[in-house]
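Only one structure is covered here, and it is reproduced in the block below.
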Amino acid sequence: MTVRFPRDPARRQAAFRRLWPDMLAGLMVILALLPACTALQGIVRSVVLWAVVALLFNSRRMLLAFMLPVVVLLPAALYYISISGVPPGYPLWLILFYCSFPVVVGYVRPVLPYLGLWALMWVMLTGFYLSRPRGAIVGWRVRTRMVCMAVLLGCIIVPTVQLWRHLPPTRGGTENPMVPIHSRFDRAWPWSMATGYIAARRETRRVTDMARRISHEPIRFDPPPPTTPQVIVLVIGESARRDHHHIYGYGPATTPEMERVPGLVRFDDMITPFDYTVGAVPVILSGYDRLRPGAMPGHDLVSVFNAAGFDTWWISNHPRLGPYDSVIGAYSEQARHIVYTTVHDGLMGSPVLDERMLPVVDHAVTDAHGRVFIVLHLFGSHENAADRFPRGFASLGTAYDNSIAYTDHMLAHVLATLVAHGGEAALFYVSDHGVRISECTGGIPAHGDVRAAYEIPFYLWTSATLQMAHPQAAQAARDNVHVPLTLAALPPSVLDAAGLHYGAADEALSVLSAHPAHMARIVHGDSTTNQTVDYDHSHDDGRCHIAQD
């Protein structure tokens with residue numbers, strides 16, 4: 001229907017005065033919904049929830065009052081979307097929770113004057129609108145409105161409850177179950193701020209609890225730690241499965257540089273108990289398998305090296321905070337030097353190429369004047385593998401293989417820096433887990449619990465000086481290359497290489513011991529039916545999941 005204004009100026013002016021408040025209200029509704037337009041599901045869920053608010057109060061004035069802060073924050077929301085691609089929510093709350101007030105002000109200082117003018121304009125317009133009665137939104141009876149509200153809420157609540165009930169149990173303990181819940185609303189501005197707040201609050205509590213559980217009891221070394229200058233480097237790879245490494249017999253030349261390293265010891269039967277990072281990395285750092293009955297977090301490597309007087313570094317290209325990173329961040333906080341090379345210090349951005357870490361590693365090694373322990377956490381071959389290497393490495397046919405070759409180059413650079421520095425040094429490299437590649441993925445690498453995803457590369461390099469100081473340990477490592485191993489061997493092996501011995505360490509698992517202990521190699525699948533599987537007596541079922549024989 002076309003709205004026609006009267007020809008008489010006085011009547012036309014009166015009609016405009018009647019209509020413009022409704023035009024203002026319509027404009028506010030559009031602006032309130034605008035950030036949700038990044039996805040259809042965001043628009044639908046945002047409209048449904050606003051409809052519930054409208055039916056609940058059935059007042060135009062109340063609806064506009066609720067929409068005012070949303071409209072005032074519109075420029076900030078659009079700016080955030082331009083950076084991250086999604087409306088503000090969970091990641092933004094993590095920034096606010098973990099950043100100091102001056103840092104937060106630094107984010108918004110450039111736009112504060114414009115935000116102030118925008119807020120003042122809309123407060124004045126809305127204040128004028130709210131100053132007079134505006135009537136009800138719909139003329140329905142209360143019972144009719146309640147029925148409509150129940151139907152709308154059911155469309156939101158029922159699928160959310162079903163999602164909660166079907167969260168994989170292996171993800172519900174260490175990971176944050178509110179993150180997949182929030183993901184249903186992460187485009188539904190402004191409701192993404194509410195669900196994001198709940199998820200972020202749970203995340204901060206989770207990290208605090210994890211940091212509290214990390215053992216801080218005094219460590220008594222027997223014998224006392226050596227005082228000889230040393231540089232021990234632990235490189236944690238990402239998503240690299242062993243059968244795509246040429247050094248282990250794979251066809252394409254994915255590991256050309258490390259294959260040329262004299263004396264490199266490669267262990268050919270290492271497995272990880274988890275097919276995802278947040279489960280595997282705590283095992284690498286402390287031997288803590290959270291799904292093993294009776295397991296408790298003990299001393300982690302960084303804390304032990306701190307107690308032994310080492311200068312400790314944590315250098316990572318992973319985000320510092322997030323659903324799969326915050327628990328690992330609890331370990332990183334133990335280090336004396338913490339460097340995250342991701343965009344925005346890993347708070348909101350995506351990881352850059354791993355080479356961004358190399359200047360930091362070079363500085364940590366070349367400036368070492370005593371004993372130094374460095375953890376280098378690569379982004380490696382993580383999804384999307386095509387984003388994990390520069391163009392110069394796009395020569396092997398598949399993005400995944402190219403990412404393996406790029407990690408090989410990274411390791412060679414770190415090793416060359418250690419050789420140039422001289423003295424006693426050791427480099428450990430192990431991947432946290434592998435991925436599915438051709439198993440039920442159509443050739444696109446993705447996380448998944450197939451057998452090959454638990455089979456990971458494990459290298460050890462020691463300098464000639466360290467080998468001369470500990471010839472028996474060096475020989476033992478060469479003798480143990482075919483021994484079945486799990487990630488639980490990493491902490492005692494790293495400590496053994498540094499000559500650190502204390503009562504709580506399970507030194508029998510070290511690959512530097514003459515006869516390393518054998519243990520059942522239990523891995524954890526992603527469903528209730530394969531949560532505990534003996535890897536050495538397992539197979540892949542027809543749906544590409546590891547299963548017990």
Cβ-Cβ under 7 Å pairs, at least 6 apart or on other chains, region 409-423 side touching a residue at least 60 places away in the same chain (Cβ under 8 Å), far side surrounded by 15 or more Cβ atoms within 10 Å (Cβ to Cβ) and of a type in the set (Phe, Trp, Tyr): 411/429; 415/461
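So, of the residues in region 92-148 that are in a loop (DSSP other than H, G, I, E, B), at pLDDT 85 or above and not small (Gly, Ala, Ser), which turns out to be nearest to residue 82 (Cα to Cα)?
Among those that are in a loop (DSSP other than H, G, I, E, B), at pLDDT 85 or above and not small (Gly, Ala, Ser), it is 137.
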Would you call residue 275 in contact with a Phe, Trp or Tyr (Cβ under 7 Å, 6 or more places away or on another chain), buried (at least 19 other Cβ atoms within 10 Å of the Cβ), more than 25 Å from residue 160 (Cα to Cα) and of a type in the set (D, E, K, R)? yes
Can you tell me which residues in region 252-286 are in a loop (DSSP other than H, G, I, E, B) and under 13 Å from residue 404 (Cα atoms)? 252, 253, 254, 255, 256, 257
For residue 395, only one of the following conditions fails: (1) of a type outside the set (A, V, I, L, M); (2) within 23 Å of the chain's Cα centre (by Cα); (3) closer than 15 Å to residue 256 by Cα; (4) part of a loop (DSSP other than H, G, I, E, B). What is its number? (2)
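Taking residue 287 as the residue in question, decide whether it is farther than 19 Å from residue 433 by Cβ, assigned by TED's automatic domain parsing to the domain that holds residue 489 and at pLDDT below 95. Before you say what the answer is, go through the steps one by one.
Numbers: farther than 19 Å from residue 433 by Cβ: no; assigned by TED's automatic domain parsing to the domain that holds residue 489: yes; at pLDDT below 95: yes.
Criteria not met by residue 287.
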Any residue that is at pLDDT below 90, farther than 30 Å from residue 402 by Cα, of a type outside the set (Gly, Ala, Ser) and part of a helix (DSSP H, G or I) - is there at least one of those in region 518-525? no
Looking at region 512-527, which of its residues are crowded, with 19+ Cβ neighbours inside 10 Å and of a type in the set (Gly, Ala, Ser)? 513, 525
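The values are calculated or read from the model by the stated rules, or taken from the named source; none is laboratory data. Worth saying up front: this structure is predicted, and the values here are computed from it rather than measured. Reconstructed Cβ throughout: ideal geometry from the backbone, glycine too, with neighbour counts over all protein chains shown.
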